[in-house]
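To keep things clear, I will list the structure first and then write my remarks on it.
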Amino acid sequence: MEKMTCFAEKILKAHAREESKEEIGLAIDQCLTQDSTGTLVWLEFESLNSKLCPKTVSYCDHTSLCFKGESSDDHNFLQSIAKHYGAIFSKNGNGVCHQVHYERFAIPGKTLLGSDSHTPTSGALAMLAFGSGGVDIASALAGSLFYIPKPKIMQVKLTGRLQWPASAKDVSLALLKMLTVKGGKGYILEFTGAVDTLTIPERATIANMGTETGALTSIFPSDNVTREFMRMHGRENEWKELKADINANYDKTIEINLSEIKPLVAMPSSPDNVFSVDEVGGEKINQVYVGSCTNGSYRDIKIFAEMIKGKEVSKDIDVVVSPSSKTAFDALLEDGSIAQLSKAGCRIAEPGCNACIGIGYAPGYGHLSLRTVNRNFPGRGGNEDAKLALCSPQVAAASAIAGKIASPIEFELVKIPTRNFVIDDSLLVYPNKDEIGKAKIVRGPNIIKLAEQKPLSEELSGEVLLKLGDNISTDEILPAGPLTQHLRSNLPAIAEYAFHYKDKEFVARAKKAKESKISCFVIGGENFGQGSSREHAALALWQLGVSAIIAKSYSRIYRANLINSGIIPFCGEIENIEQGDRLIIKINDLKKSECLNITKNTKIVLSHDLSDREIAIAKCGGLLAYSKNVK
Ligand code: F3S
């Protein structure tokens, strides 16, 4: 009997061009880059001397407020290089990449690769969308395949219907409570069942936060709800149906009864630290932020605005609202919601990432900021001494009025009217084919090309510079936000902030080791490198001379970023290694590596799960060197 196929598998099959026992090489239809990871992507792509292959959109959203001139230089560079190679350019103020992408460009059944870990948001429109590190994107821009570990598919079977004031954000938080920040690892989350009860913005919230479970990506089917959304955005002609076969086979199935979902809050400092709103109700807050690629849609902000209509937000706190796209912002302006928000005492921020990544609106010492964003790792909001909690627009509205975490249970149901959106291209720049290959690329002095990647040594001898625990995020490895946002195109300068919030002496020790020409090692626990996809968190360590990491396990994107940077992500018995220990790692052929702890006079068994292709990349010193070698 023919195997019944789920819809993620249908897209995988249609795009698979290579297959080994560990990996699948996929053809990529579309790429997206954003400004904080994108400058390196475009520099890396330029070094490959190729034409631009997939349809690509370069977004400015993370550093759109340009606190420093270097960010303006980055945007000028990105606009000019988009023009040179023929990419679409989304200007500052047009919105957060994921929101704009699913409104304007996502197409059911296609593949998308983005230099941002929340690229799976377009899974709401049945795209198979992956976040990845910059070098992978640069290669895909040049037409190379994108390799994923052979995925397992987890069916998330929805039943029932959400009951007000429960929301899609609460579904995400319930899923995180169930799976934790590691439970989705190795899986594509395929949502089935009562999906037709969810709008596209609700599906986008859920697909967006699937990333927090460690999943490869999340995907919804393409149905009449998808078609109606695409019609409202003037793109019905790009719709096509995509659904699973009846009785499709899955590697694992979990069920969520939407009718039983209640308002939830993820308390500091992990998205899976989830409580019911009643359990944490009454907790004093200092700030409410509504926006981000998770909950900044027209629907989300409209719900918030309607809930506070005719009321005032607490004068003891700061309430900031940032719609996530110009399309949403303009619709909210036109229907009077922005005026309602302003009248209630909210501050309005232009569409962009803003507070989500600590660009402005950083909470103060010991403050608790309640946000509709997707991450609450330490330092994420721009201040390591502040605490962040995650919630829905509904909980945010009730809490903004109360000045403390509060249940929205007493609020009347908000009905969102069906509406058509105005297609406004005033902040989108489309390429002109006459300028492709001719337009001048503009580079500010802060735009520094990457140093050459050197082949891996046969033996790594050096010192353990830092030992860390479980679930270390890329925000902790290299902080985002105001400290580093202007240095995204300058690796030597941004590397000065490696482990800034964990150990301020780390960089000095690494520089000393580099001067003495000895290797540097970092030790981590489980799920090392979770969170943002920014490859700076791997490249900064490479810049400082870190040549291997030994941890219990890695997040998918960080693991790939390490390999692409020429740093080996080993697994091993970290209990037998302390900070300051001297290690010798014999690389051999990278099939079987040995580690001697000279300080403790012990042998440590090291393992890794690199495929043959990844071993070849690591031996070359990284993906850029490898790509040039195989050309
Ligand atoms: Fe931007 Fe925050 Fe999303 S930084 S891309 S709004 S996770």
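Within the set Ala248, Ala215, the sole residue that is of a type outside the set (Phe, Trp, Tyr) and in contact with a Leu (Cβ under 6 Å, 6 or more places away or on another chain) turns out to be Ala215. Between Asn597, Asn561, Asn588, the distinction of being over 34 Å from the mean Cα position of the chain (by Cα) and in contact (Cβ under 8 Å) with a residue 40 or more places away in the chain belongs to Asn588 only. Any residue at all in segment 242-250 that is under 16 Å from Ala129 (Cα atoms), of a type outside the set (Lys, Arg) and more than 17 Å from the chain's Cα centre (by Cα)? Yes, that holds for at least one residue. Among the residues examined, Gly481 qualifies as in a loop (DSSP other than H, G, I, E, B), within 16 Å of the ligand (Cβ to nearest atom), touching a residue at least 24 places away in the same chain (Cβ under 8 Å) and farther than 24 Å from Lys628 by Cβ.
I'm trying to understand the selection: among the residues of segment 90-141, which are among the hydroxyl-bearing types (Ser, Thr, Tyr), touching a strand residue (DSSP E or B) at 6+ places or on another chain (Cβ under 8 Å) and within 15 Å of the ligand (Cβ to nearest atom)? Residues satisfying the conditions are Ser90, Ser115, Ser117, Thr119, Thr121, Ser122, Ser132. Number of residues in segment 53-69 that are more than 11 Å from the ligand (Cβ to nearest atom) and either within 17 Å of Ser90 (Cα to Cα) or outside any loop (DSSP other than H, G, I, E, B) (or both): the value is 9.
Identify all residues within segment 10-25 that are open to solvent by less than 10 Å² (accessible area, probe 1.4 Å) and either charged (D, E, K, R) or in contact with a Lys or Arg (Cβ under 7 Å, 6 or more places away or on another chain) (or both); write none if there are none.
Correct list: Gly25 only.
Please verify whether segment 526-533 includes one or more residues that are within 16 Å of the ligand (Cβ to nearest atom), of a type outside the set (A, V, I, L, M) and in a strand (DSSP E or B). Checked against the condition, which is being within 16 Å of the ligand (Cβ to nearest atom), of a type outside the set (A, V, I, L, M) and in a strand (DSSP E or B), segment 526-533 yields at least one hit. Working carefully through the options Ala207, Ala168, Ala126, Ala174, find the one that is in contact (Cβ under 8 Å) with a residue 24 or more places away in the chain, farther than 30 Å from Asn629 by Cβ, of a type in the set (A, V, I, L, M, F, W, C) and surrounded by fewer than 23 Cβ atoms within 10 Å (Cβ to Cβ). Only one candidate passes the filter, namely Ala174.
Tell me which strands (runs of 3 or more DSSP E) are completely within segment 110-181 and hold 1 or more residues being under 22 Å from Asn527 (Cβ atoms) and among the basic types (Lys, Arg), or say none if there are none. Please lay out each step first, then the result.
Working: elements: 111-114, 128-131, 146-149, 152-159.
Per the criteria, 152-159.
Applying the criterion of at least 1 residues that are away from the ligand (no atom under 13 Å from the Cβ), open to solvent by less than 20 Å² (accessible area, probe 1.4 Å) and under 16 Å from Val96 (Cβ atoms) to the helices (runs of 4 or more DSSP H) found wholly in segment 292-409 leaves 298-308, 326-334, 393-402.
The values are calculated or read from the model by the stated rules, or taken from the named source; none is laboratory data. Note that the coordinates shown come from a computational prediction; the quantities given were computed from them, not determined experimentally. Backbone-built Cβ (ideal geometry, glycine too); neighbour counts: all protein chains shown. SASA here: full protein model, heavy atoms, side chains in, ligands and nucleic acids out. Shrake-Rupley method; radii C 1.70, N 1.55, O 1.52, S 1.80 Å.
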